[in-house]
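Okay, so here's the structure we're looking at.
We did not get these values from a lab; they are worked out from the coordinates using the rules stated. Quick caveat, the model's predicted, so the values are computed rather than measured. No Cβ is skipped: glycine too gets one built from the backbone with ideal geometry, and neighbour counts run over all protein chains shown.
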Ligand SMILES: Nc1ncnc2c1ncn2[C@@H]1O[C@H](COP(=O)(O)OP(=O)(O)OP(=O)(O)O)[C@@H](O)[C@H]1O
Ligand SMILES: [Mg+2]
């Protein structure tokens, strides 16, 4: 089996590419059963889960347990490309199809032919691409950009999302027909806080794995450190746990992890702190809002929302994807708001920025 990974290999070097899956909590075991039953079928699947819950790992597992396991598993992050490049990345292009297309190139669908295509962050796919994806799924063929010849495709699609696609459909950011097409077999990965029975087994797994990588013979956790892990609410899920263990191993003494070695941040508390710290930066949010309310402005909410998007977009140097990450919403929503407030360049106006 050959393996093609994320085009933006963020964190891959730091992350354990687990071949072992830890599924100890009863909820996880139920999930594993479902995965094992679904995998051998040819049905497309949709994996839904918060960030760091193991969506990509589960997608690989589905592939490994399927009849396609000897063929390619291709993982693509739909949010990793500027809109202008998504189409040629997915479906390929012919030489001369656009400026810079100096040779024929197969897209990800062709690369995954016979195997499994994992489309991560499917909610970030621009609406125009959603139409094209739906057509490919229906017709089972792709047409490269700049070509007229359809190429037959035999690909199983596994998509993943960390946003609620049903909400995105209601908001007009995700096509309903594509949603139903993907929704045939869904796998919900519960957040780590809802499967506490996995916390210590995963910890043991990551301790062993990172000890091996760091060249340590072994390491232990004190009972207090274990209690701290069990009490945390894990907004970043399994990835957060892995990073916490990795860090603790680097700072602990005598191969014994103590509570102080575990740097766990409560997301909500962190955000609260930031807002409370605002007066030091020259004025706080609450009094700014109150003075706005006192001015009795029209469409106040629209103005505030507009300012939030404008400022965030500038803060991220005009990067829609990062703006979405910053605000914790999908790029589709960011794009729609930026269009509404006239922040977006005309289509085809500026050259595409490759991330
Ligand atoms: N059940 C598990 N057993 C062992 N390791 C796991 C398990 N689930 C996840 N991991 C590990 O946790 C990390 C995060 O998993 P993964 O990248 O699959 O999450 P994700 O849901 O795709 O995250 P994101 O939404 O950020 O893309 C990876 O290093 C993965 O190997
Ligand atoms: Mg992922």
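For the chain, the mean residue ellipticity at 222 nm estimated from helices alone is -13000 deg cm²/dmol, where every DSSP H run of n ≥ 4 contributes -39500 (n - 2.57) and the total is divided by all residues, rounded to the nearest 500. This ranking places 143, 86 by how few other beta-carbon atoms lie within 10 Å of each, fewest first, which gives 143, 86. Put simply, when 177-187, 328-338 are sorted by average Cβ atoms within 10 angstrom per residue, most first, you get 328-338, 177-187.
In terms of its Cα atoms, the stretch 79-124 spans 28, 26, 10 Å along the principal axes, sorted from long to short. Stretched out straight at 0.36 nm per residue, the stretch from residue 149 to residue 67 would grow longer than its current Cα-Cα span by 26.7 nm. The value obtained for the stretch 280-334, namely the Cα convex hull volume divided by the number of residues, is 95 Å³ per residue. Most fluctuating residue of 218, 41, 287 in a GNM of the chain with Cα springs under 10 Å: which is it? Ranking 218, 41, 287 by mean-square fluctuation puts 287 first. By the beta-carbon count within 10 Å of each Cβ, the least crowded to most crowded order of 246, 303, fewest first, is 303, 246.
Both radii were evaluated on the Cα set of the stretch 145-226; the Rg over Rh quotient, with Rh as the Kirkwood radius, amounts to 1.22. Placing R0 at 41 angstrom, the Cβ-Cβ distance between residue 176 and residue 292 gives a FRET efficiency of 0.65 after rounding to 0.05. Per-residue Cβ neighbour counts within 10 Å put 341, 257 in the sequence 341, 257, beginning with the fewest.
Extension gain for residue 214 to residue 315 (0.36 nm times residue separation, less C-alpha to C-alpha distance): 32.7 nm.
All Cα-Cα separations within the stretch 104-145 were binned at 5 Å from zero, giving a P(r) of 5, 19, 28, 31, 14, 2, each value a whole percent of the pairs.
The GNM of the chain, with springs linking C-alpha atoms under 10 angstrom apart, assigns the highest mean-square fluctuation among 300, 157, 202 to 300.
Mean silhouette area of the chain, derived from the convex hull of its C-alpha atoms and averaged over all directions, reads 21.6 nm². Mind checking Rg over Rh on the stretch 52-141, alpha carbons, Kirkwood formula for Rh? A ratio of 0.99.
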